[in-house]
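Everything below concerns the one structure shown next.
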Amino acid sequence: MAQSFDLLLRDASIVTPAGIVKTDLGVSAGKIAAIGDLRANTAPSIIDASHLHILPGVIDTQVHFREPGLTHKEDLASGTKSAILGGVTTIFEMPNTVPLTLTAELLQDKLDRCVDRAFSNYAFFIGGSKENAEQLPQLELLPGCPGVKIFMGSSTGSLLVEDDAVLLQILKNGKKRVAVHAEDEPRLRERRALAETAAHPRAHPVWRDEETALRATTRLLAAARAANNRPVHVLHVTTAQEMALLAQNRDIATVEVTPQHLTLTAPECYERLGAYAQMNPPIRDAAHQAALWQALQNGVVDMIGSDHAPHTHEEKHHAYPATHSGMPGVQTTLPLMLNHVAAGRLTLTKMVDLLAHNPARIYGIMNKGSIAVGMDADLVLVDMQRRETIQSKNMAYKCGWTPFDGMAVTGWPVATILGGQIVMQEGEVTAPPSGKMVQFG
Ligand code: DOR
């Protein structure tokens, strides 16, 4: 007798690592059980996916969900709910919460808080600092930890590794890839008066200029070489100069860009959005953006992460530069990138490399990130033709806004499947929280 699955997706365009195949996909016990002609098979739940693409669920390796300590901006429930509404099935959360995630106990506290509350799968970075540098070899191996995150320039929160001695000490302790926010703190301090005098966020990329980013990335690469070629992951790269440098250091450095740096441009975004466009490192001009796209095409960019960094309206209405830096994005990453696919700026398969295949491979995530028999059934169903308008009111963010409000896009996630269960359909959450801790192999 023909096998019965828990869920059958019929006649879909399935984005596999080997290319796009038009066929059926069967799910059993939370796993992808079969891919191929399953016309003879049955399931209690069958979806006609003939007009849809199936992608691996998006893996967003940079989000700030603010719990504990800053839950007026976001929390683990609202953040992970936003994730599944946007087709993101796994998130890696950052350590600049209050308190900072610097110990095994604080990491465990975050994991405990996810039980019965997380709508997506999750893992938590441990912060790297002078205080915990010697413990990092043990800390980075804790369950649910993708590795260590360092801030070289001040951003939201007090996590900071300013000098090369501590940077080197951290990089010498441990083996996993270290994720780094690369802005040069001494230069930021030197130039802060520029921001204060301008008193408008249009000065953000002037204060935090390309040299600020390049100096930090240059120092980071030198330290990584000195630490026995420790692998590093440079988060949200924003400049042409860094991309040129990183292209020469592929053996030790992987690269992230964000959808907002690929989509918004200075000076227009600051005139239109004011402090809502303010983030670190800043949105820069069209020439830098073109260099990011070029690097993406040339294979220098490995991943796209949202750097989801929500702040309240109130926090965005202080007097610049006291306005908080960061913008939310976990729910709009996939729509924005699908829109770039529709506009011909990258192929769908390249997009899936950046959003799922590469994050899973580079961080060693077990059983996720690609569509193949035996993998976890974390999937997103996408209508490539669907025209939608991104609206703040449809975001599940606690902050209640998106810088992309009013933007029309082509391509839209219509359903999210997590561990074989349909958890989002047509913009509605359809199941209680069932996210699990990510396993690393
Ligand atoms: O603008 C930013 N905001 N950049 C970061 O790296 C941190 C983030 C935050 O946590 O608010």
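Each residue was assigned an accessible area with a 1.4 Å probe, and for Asp164 the value is about 80 Å². Annotation: amide H-H contacts under 5 Å for Ala266 (H modelled 1.01 Å from N, sequence separation of 5 or more, or interchain): Arg284, Asp285, Ala286. Since only Gln297, Ala49, Val438 are under comparison, the one whose Cα sits farthest along the positive direction of the charge dipole of the chain, derived from C-beta charges on Lys, Arg, Asp and Glu, is Gln297. Taking a sphere under 15 Å around the Cβ of Arg10 and counting the other residues whose Cβ falls inside, with K and R at +1 and D and E at -1, yields a net charge of -3.
Between the helical axis of 286-297 and the dominant principal axis of the chain, each derived from Cα atoms, what acute angle in degrees is found, rounded to the nearest 10? That helix lies at roughly 50 degrees to the long axis.
When the surface is traced with a 1.4 Å probe over the full set of protein chains, Tyr363 keeps roughly 20 Å² accessible. Label-to-label distance, Ala322 versus Glu271, with points set 7 angstrom from Cα along the beta-carbon direction: 2.8 nm.
Toward the positive end of the charge dipole of the chain, about the Cα centre and with charges on Cβ (Lys, Arg +1; Asp, Glu -1), which of Gly326, Gly344, Leu262 goes farthest? Of Gly326, Gly344, Leu262, it is Gly344. Accessible surface calculations at 1.4 Å, restricted to protein heavy atoms, place segment 1-47 at 49 Å² per residue. In the chain, Cα pairs under 8 Å separated by at least six residues give a relative contact order of 21 percent.
Could you work out what % of the accessible surface of segment 226-338 is carbon and sulfur, using a 1.4 angstrom probe and leaving DNA, RNA and ligands out of the count?
Carbon and sulfur together cover 53 percent of it.
Dividing the mean sequence gap of close Cα pairs (under 8 Å, 6+ apart) by how many residues segment 225-300 holds gives a relative contact order of 39 percent. Under the classification rounded if a/c is under 1.5, otherwise prolate if a/b is larger than b/c and oblate if not, where does segment 216-348 fall, given a ≥ b ≥ c as square roots of the Cα gyration tensor eigenvalues? Because a/c hits 1.5 or more and a/b fails to exceed b/c, segment 216-348 counts as oblate. Taking amide hydrogens as placed 1.01 Å from N in the peptide plane, the amide H of Gln439 sits under 5 Å from those of Met366, each at least 5 positions away in sequence or on another chain. With helices as the sole contributors, the chain gives -7500 deg cm²/dmol at 222 nm; each DSSP H run of n ≥ 4 counts as -39500 (n - 2.57), and the sum is divided by every residue. Taking the Cα centre of segment 148-265 as reference, the dipole from Cβ charges on Lys and Arg (+1) and Asp and Glu (-1) amounts to some 420 debye.
Relative contact order of segment 324-407, taken over Cα pairs closer than 8 Å and 6 or more residues apart, is 26 percent.
Projecting label points 7 angstrom from Cα along Cα→Cβ for Ala342 and Ala286 puts them 2.2 nm apart.
When the pairs Lys175/Lys316; Lys172/Lys398; Lys31/Lys110; Lys31/Lys176; Lys73/Lys436 are compared against a 30 Å limit on Cα-Cα distance, Lys175/Lys316; Lys172/Lys398 fall above it. The H on the amide N of Thr61, modeled in the peptide plane, is under 5 Å from the matching H of Phe92, Ser306, each at least 5 residues off or on a different chain.
So, with +1 on the Cβ of K and R and -1 on the Cβ of D and E, and no other charges, what is the size of the charge dipole of segment 107-163 about its Cα centre, to the nearest 20 debye?
220
Stretching Ala431 away from Ser158 to a fully extended chain increases their span by 94.6 nm, per 0.36 nm per residue minus the current alpha-carbon distance.
So if each residue of separation counts as 0.36 nm, and I subtract the Cα-Cα distance between Ala165 and Ala408, what length gain in nm does that give?
Fully extending the segment from Ala165 to Ala408 adds 82.7 nm.
About its Cα centre, the dipole of the chain is roughly 440 debye, where the only charges are +1 on Lys and Arg Cβ and -1 on Asp and Glu Cβ. With the convex hull of the Cα atoms taken as the outline of segment 117-266, the averaged projected area works out to 10.3 nm². Percent of Cα-Cα pairs more than 21 Å apart in segment 133-209, please. Pairs farther apart than 21 Å: 39 percent. What's the longest uninterrupted piece of the chain once you rule out the GluC sites (Glu not before Pro) that are loop residues per DSSP with at most 13 other Cβ within 10 Å? By the stated rule (loop sites, at most 13 other Cβ atoms within 10 Å), 132-425.
Per-residue SASA remark: His311, around 0 Å² accessible (1.4 Å probe; ligands, DNA and RNA not included).
Note on segment 85-221: dipole from Cβ charges, positive end direction compared against Val178, Leu111, Leu160; the farthest Cα belongs to Val178. Counted over the chain, the DSSP beta bridges are approximately 50% antiparallel.
The values are calculated or read from the model by the stated rules, or taken from the named source; none is laboratory data. Keep in mind that what you see is a predicted model, and the values were worked out from it rather than measured. Cβ coordinates were reconstructed from backbone atoms using ideal geometry, including for glycine residues, and neighbour counts include every protein chain displayed. When the accessible area is computed, the model is the full protein with side chains, heavy atoms only, and any ligands, DNA or RNA have been set aside. Shrake-Rupley method; radii C 1.70, N 1.55, O 1.52, S 1.80 Å.
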